[in-house]
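Taking it in order: structure first as structure tokens, then the write-up.
The values are calculated or read from the model by the stated rules, or taken from the named source; none is laboratory data. Please read these numbers as outputs of a predicted model, since none were measured by experiment. As a convention, Cβ positions derive from the backbone with ideal geometry for all residues, glycine included, and neighbour counts pool all protein chains shown. With ligands, DNA and RNA removed, areas are computed over all heavy atoms of the protein, side chains included. Shrake-Rupley method; radii C 1.70, N 1.55, O 1.52, S 1.80 Å.
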Amino acid sequence: MKPEPNGDLSQASDEELVRLVCLGKRELFGHLVGRYQRSVYHIVQGILGNPADSEEVLQESFLKALQHIGGFRGEAQFRTWLTRIAINEARMRLRKYRPKLHDSIDEAPEEGMDMRPRELRDWQPNPEEKLAEAELARLLEKAIRALPSIYREVLVLRDLEHLSNEEAAQALGISLPATKARLLRARLMMRDYLTPHFQHRWHHRLLDRFAQLRRHP
Amino acid sequence: MIRCEDVLREVSNYIDTEVTEDLRHQIEEHLRGCHNCTVLVSTTRKTVSLLSSSRILELPSDVSQRLMQRLAVHWS
Ligand SMILES: [Zn+2]
């Protein structure tokens, strides 16, 4: 589609907006910001886990994208290109301010680690009903923060932002098999973390049974 | 015949329906006879769905406003 210069651009494709921004209509970059600010914030928050750092990195990511928009060649989707910038900015921030704390992005073992889940206890049928929405969100954020950063990155891209495996691999600059291997590990670690909060407890089952018996003796 | 370790290695791909038809059948066959793997698949799937449906790491509106203000300098 070819929107008129002053027409409604809310329906224009990302690529069309990028083209117009490059032609000098820089204010149209605001549409792209509107589309992806949530997603970029998710990603940098997921990596950094700290609202103040995340806000700065959010701003820097979009500034960098605007500065370098002429270098966007369209071999990836705009979103993937932007995501890659945001990931790099967030990683740089981690290295710069927390060199000691930061768990190695490049050196974590991909294979050979024992992945057997410790918990094979089943969950309650509707775990989301056990906690209030805000409480559940806090628990999930805590669980994400507990992951080493390479797993946090892939989990946020795939399961929060719903990028495909291929897009996530491109954004992370790693191979497709490595992406899938990290995602597997990340999901299993999340599951392990959450299990104690949601598992069926034998004494609850017993109490339920008891309550039933009392209702229908 | 696939084993529990194979299910563990493929659970994430299985949930994403990124396994071949043949492997999917083999996994489902295994699940019918293995309680542990059934729990593994269902709880991992639930983990993924909790993440997708929850409202976490939300962008606060003041953060969004400051972002636009900072960027607008570059086009006004
Ligand atoms: Zn099994």
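Contact map, segment A:17-32: first residue over 15 Å from A:Arg73 (Cβ atoms), second residue among the hydroxyl-bearing types (Ser, Thr, Tyr), Cβ cut-off under 7 Å, separation 6 or more or different chains; pairs are A:His31/A:Ser10.
Among the residues of segment A:29-38, write down those that are open to solvent by less than 10 Å² (accessible area, probe 1.4 Å) and within 9 Å of another protein chain (Cβ to nearest Cβ). Outline the logic, then answer.
Quick first cut of segment A:29-38, residues open to solvent by less than 10 Å² (accessible area, probe 1.4 Å) only: A:29, A:32-33.
Result: A:Phe29, A:Val33.
Filtering segment B:14-29 to residues that are of a type outside the set (Phe, Trp, Tyr) and within 16 Å of the ligand (Cβ to nearest atom) leaves B:Ile15, B:Val19, B:Leu23, B:Arg24, B:His25, B:Gln26, B:Ile27, B:Glu28, B:Glu29. If the condition is being open to solvent by 10 Å² or more (accessible area, probe 1.4 Å), more than 17 Å from the chain's Cα centre (by Cα) and of a type outside the set (Phe, Trp, Tyr), then segment A:179-203 contributes A:Asp192, A:Pro196, A:His197, A:Gln199, A:His200, A:Arg201, A:His203.
Residue pairs whose Cβ atoms lie under 7 Å apart, separated by 6 or more positions or on different chains, with the first residue in segment A:67-82 and under 16 Å from A:Leu28 (Cα atoms) and the second open to solvent by 50 Å² or more (accessible area, probe 1.4 Å), are A:Ile69/A:Cys22; A:Gly70/A:Cys22; A:Phe78/A:Glu15. Just so you know, in segment B:1-13 the residues that are hydrophobic (A, V, I, L, M, F, W, C) and either assigned to a loop (DSSP other than H, G, I, E, B) or more than 10 Å from the ligand (Cβ to nearest atom) (or both) include one that is most open to solvent (accessible area, probe 1.4 Å), and it is B:Met1.
Among the residues of segment A:162-200, those identified as more than 9 Å from chain B (Cβ to nearest Cβ), free of Cβ contacts under 8 Å to residues at least 40 places away in the same chain and more than 16 Å from A:Ile47 (Cβ to Cβ) are A:Ser164, A:Glu166, A:Ala169, A:Ser175, A:Leu176, A:Pro177. Can you pull out every residue in segment B:30-59 that is within 11 Å of the ligand (Cβ to nearest atom) and more than 15 Å from the chain's Cα centre (by Cα)? Result: B:His30, B:Leu31, B:Arg32, B:Gly33, B:Cys34, B:His35, B:Asn36, B:Cys37, B:Thr38, B:Val39. The residues of segment A:75-107 that are modelled with pLDDT under 80 and outside any helix (DSSP H, G or I), listed by number, are A:Glu75, A:Arg98, A:Pro99, A:Lys100, A:Leu101, A:His102, A:Asp103, A:Ser104, A:Ile105, A:Asp106, A:Glu107. Taken over segment A:130-178, the criterion of being open to solvent by 60 Å² or more (accessible area, probe 1.4 Å) and either in contact with a Ser or Thr (Cβ under 6 Å, 6 or more places away or on another chain) or assigned by TED's automatic domain parsing to the domain that holds A:Phe78 (or both) is satisfied by A:Gln170 alone. Scan segment B:40-65 for residues that are among the basic types (Lys, Arg) and more than 7 Å from chain A (Cβ to nearest Cβ) and the total you get is 1. Taken together, the criteria place B:Leu67 among residues that are buried (at least 19 other Cβ atoms within 10 Å of the Cβ), closer than 30 Å to A:Val21 by Cβ, at pLDDT 95 or above and more than 14 Å from the ligand (Cβ to nearest atom).
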